[in-house]
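First comes the structure, then the notes that go with it.
The values are calculated or read from the model by the stated rules, or taken from the named source; none is laboratory data. Every value quoted in this text rests on a predicted model; they were computed, and no experiment measured them. Here the Cβ positions follow ideal geometry from the backbone for every residue, glycine too, while neighbour counts run over all protein chains shown. Surface accessibility is based on the protein's heavy atoms, side chains included, excluding ligands, DNA and RNA. Shrake-Rupley method; radii C 1.70, N 1.55, O 1.52, S 1.80 Å.
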Amino acid sequence: MDCFREIEGKQAHDPLFHKMMNRPPRRVSVPGPVIVGAGPSGLAVAACLREKGFPSLVIERSSCIASLWQLKTYDRLRLHLPKQFCELPHMGFPSEFPTYPTKEQFIDYLEKYARKFEIRPRFNETVSHAEYDEVSGIWRVKTVGKRLEETEYMCRWLVAATGENAEAVVPEIDGMVEFGGDIRHTSYYKSGKEFTGKKVLVVGCGNSGMEVCLDLCNHNASPSIVVRDTVHVLPREILGKSTFGLSMWLLKWLPMRLVDRFLLVVSRLMLGDTARFGLDRPEMGPLEHKNRFGKTPVLDVGTLAKIKSGDVKVCPGIKKLKRHTVEFLDGKMENFDAIIFATGYKSNVPSWLKEGDMFSEEDGFPKRPFPDGWKGERGLYAVGFTKRGILGASMDAKRIAEHIKCNGRCGNEEAASYDQHLRSVPLMKSSSP
Ligand SMILES: Cc1cc2nc3c(=O)[nH]c(=O)nc-3n(C[C@H](O)[C@H](O)[C@H](O)COP(=O)(O)OP(=O)(O)OC[C@H]3O[C@@H](n4cnc5c(N)ncnc54)[C@H](O)[C@@H]3O)c2cc1C
Ligand SMILES: NC(=O)C1=CN([C@@H]2O[C@H](COP(=O)(O)OP(=O)(O)OC[C@H]3O[C@@H](n4cnc5c(N)ncnc54)[C@H](OP(=O)(O)O)[C@@H]3O)[C@@H](O)[C@H]2O)C=CC1
Ligand SMILES: O=C(O)C(=O)Cc1c[nH]c2ccccc12
């Protein structure tokens with residue numbers, strides 16, 4: 001925490017800091033909706049509104065659009081669903097893009113998207129507080145800028161687009177300070193280049209953990225992966241077709257359980273019995289599991305082969321850390337140079353949005369289940385909290401824009417036709433009957 005002390009120390013001598021602290025917030029009245037977050041979800045809502053002739057204001061805490069993709073992802077990242085499942089409304093991917101666009105291509109697409117719909121977010125402003133003012137019937141949205149300057153935006157409509165991945169999750173483990181080696185979350189991992197020749201423990205076996213292990217192997221590091229629970233691993237493609245696309249197609253005719261059986265048989269043929277390598281599968285099939293718990297199956301891009309060959313070792317949960325040493329739950333001890341936490345992310349909505357109804361205080365997701373989580377009361381909306389990736393965000397965005405356009409009284413015609421298109425993707429149906 002020394003870094004914080006240093007900043008505080010500098011601020012104490014900074015006349016600008018004192019000036020800012022005493023200054024009342026700047027007040028700005030926004031005629032249209034305020035959208036918090038300039039990721040794919042926020043951009044999609046702004047674009048849909050723009051298409052209907054509605055101006056909006058996007059507020060973003062970082063210095064660029066799609067900060068998750070630009071600043072917090074590793075170099076080798078590609079979309080892991082085929083591109084047709086990752087498009088935002090009103091603008092497709094260029095035809096020359098490959099089936100699985102690279103992160104650079106995806107960012108390029110988003111930059112062009114923002115330009116096309118003339119979306120110019122207010123960067124470097126973090127929304128710290130948003131609350132409905134019952135007296136005036138408006139939302140008051142407070143932001144803090146880079147120099148701690150405060151602004152209060154006043155608006156009729158407020159759209160939360162801060163995402164499912166707003167903050168990194170890092171578990172507290174005994175002895176973390178004592179460990180002494182490099183400890184970081186995957187959002188700070190760029191490439192295995194930094195770890196060549198090192199023994200690295202990757203904690204967590206979601207898509208991030210599995211891909212980081214492969215990347216470490218490719219850079220001649222020695223990774224081990226902590227797998228504390230069951231996990232579904234599927235091949236990314238089956239007979240040259242994407243597993244995701246194929247599953248969606250099969251789901252048009254077959255019940256989810258049957259498609260799951262098919263996926264498990266094919267995975268067994270292609271990948272072998274993953275339990276033999278320490279990766280037990282959940283009892284529920286992969287699609288049902290995703291639909292019920294939101295847990296995405298791992299789409300294997302080569303890590304499993306590295307696990308089979310012994311290049312990636314599978315370890316049980318961690319008990320505690322000591323100097324450059326990890327003690328596992330089975331009592332075994334091993335030395336490591338670095339630990340990378342691939343332990344996922346969480347929403348930050350409860351930290352800034354003060355309202356009692358729409359969002360759960362526990363997990364920061366809308367309380368109403370998919371597909372109804374997008375709409376709250378008094379002009380409040382949520383986009384991108386469906387656990388259904390960019391496709392889910394696109395669906396929310398269309399509905400929100402349509403609803404705002406007709407002032408909450410509309411029949412949702414245009415959104416309904418888009419819904420129908422998206423609903424031909426069967427996982428986009430509600431998980432509750
Ligand atoms: C590594 C990775 C790979 C993925 N790959 C895919 C994929 O291939 N296909 C797919 O469909 N989905 C994928 N996803 C799912 C992912 O959720 C989406 O890709 C997408 O980025 C979600 O967009 P979003 O706008 O909802 O959230 P984000 O992209 O996280 O954007 C939210 C924005 O809000 C800003 N923000 C947060 N809090 C505040 C605040 N208080 N004030 C102001 N601004 C704030 C953030 O800085 C951020 O820029 C992936 C996710 C990860 C982590
Ligand atoms: N386009 C692409 O190729 C990629 C897409 N993604 C997507 O990004 C999102 C985030 O993925 P990811 O970062 O992998 O996060 P996830 O939340 O998907 O996975 C986190 C993993 O960490 C494990 N974990 C959590 N806490 C601990 C702990 N204390 N000890 C051991 N293990 C722990 C979880 O296990 P448990 O199940 O036991 O809780 C789980 O396996 C997902 O939607 C994913 O699909 C990510 C990477 C690449
Ligand atoms: O990368 C992710 O986790 C996503 O959210 C995309 C995604 C994975 N599996 C899905 C099933 C339905 C819709 C989106 C996804």
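Annotations
- Cα radius of gyration and Dmax for the stretch 82-193 (Å): 20.0, 57
- Each residue of the stretch 138-148 is assigned a 3J(HN,Hα), and the resulting list reads 9, 8, 10, 10, 9, 10, 10, x, 5, 9, 6 Hz, derived from the Karplus form 6.51 cos²θ - 1.76 cosθ + 1.60 (θ = phi - 60°), x at Gly and Pro.
- Area accessible to solvent at Glu402, 1.4 Å probe radius, in Å²: 10
- When both bridge partners sit in the stretch 170-345, DSSP labels roughly 30% of those beta bridges antiparallel.
- Positive contributions from Lys and Arg (+1) and negative ones from Asp and Glu (-1), summed over other residues with Cβ under 14 Å from the Cβ of Phe93, come out at 0.
- Against the rule of thumb 2.2 N^0.38 Å, how large the Cα Rg of the chain comes out: 1.04
- Across the protein chains, with a 1.4 Å probe defining accessible surface, the residues Cys406, Cys213 rank Cys406, Cys213 from largest area downward.
- Leu380 long-range amide H proximity, modeled H, under 5 Å: Leu158
- For the stretch 271-390, the Kirkwood estimate of the hydrodynamic radius, built from every pair of different alpha carbons, is 18.2 Å.
- Here, the stretch 170-345 is characterised by an Rg to Rh ratio of 1.00, where Rg is the alpha-carbon radius of gyration and Rh the Kirkwood radius.
- Prolate/oblate/rounded call for the stretch 146-211, Cα gyration tensor, a/c under 1.5 rounded: prolate
- Computed [θ] at 222 nm, deg cm²/dmol, the chain (DSSP H ≥ 4; -39,500 (n - 2.57); rounded to nearest 500): -9000 deg cm²/dmol
- For the chain, the antiparallel share of DSSP beta bridges with both residues in that region comes to about 45%.
- Taken one residue at a time, the phi angles of the stretch 198-215 give Karplus couplings (6.51, -1.76, 1.60, θ = phi - 60°) of 9, 8, 10, 9, 9, 9, x, 10, x, 4, 5, x, 5, 6, 5, 4, 4, 4 Hz. Gly and Pro are set to x.
- Amide H contacts of Val28: Glu152, Tyr153, Met154, each under 5 Å away and 5 or more positions distant or on a separate chain (H built 1.01 Å from N in the peptide plane; Pro and chain starts excluded).
- In this structure the amide hydrogen of Asp300, modeled in the peptide plane, comes within under 5 Å of the amide hydrogens of Leu234, Arg236, none closer than 5 places in sequence on its chain.
- With bins 5 Å wide beginning at 0, the percent of Cα pairs of the stretch 115-251 falling in each bin runs 2, 7, 11, 12, 12, 11, 11, 12, 12, 8, 3, 1, 0.
- Each residue of the stretch 24-39 was assigned a 3J(HN,Hα) from its phi angle through the Karplus expression (A = 6.51, B = -1.76, C = 1.60, θ = phi - 60°), giving x, x, 5, 10, 10, 8, 9, x, x, x, 9, 10, 9, x, 10, x Hz with x at Gly and Pro.
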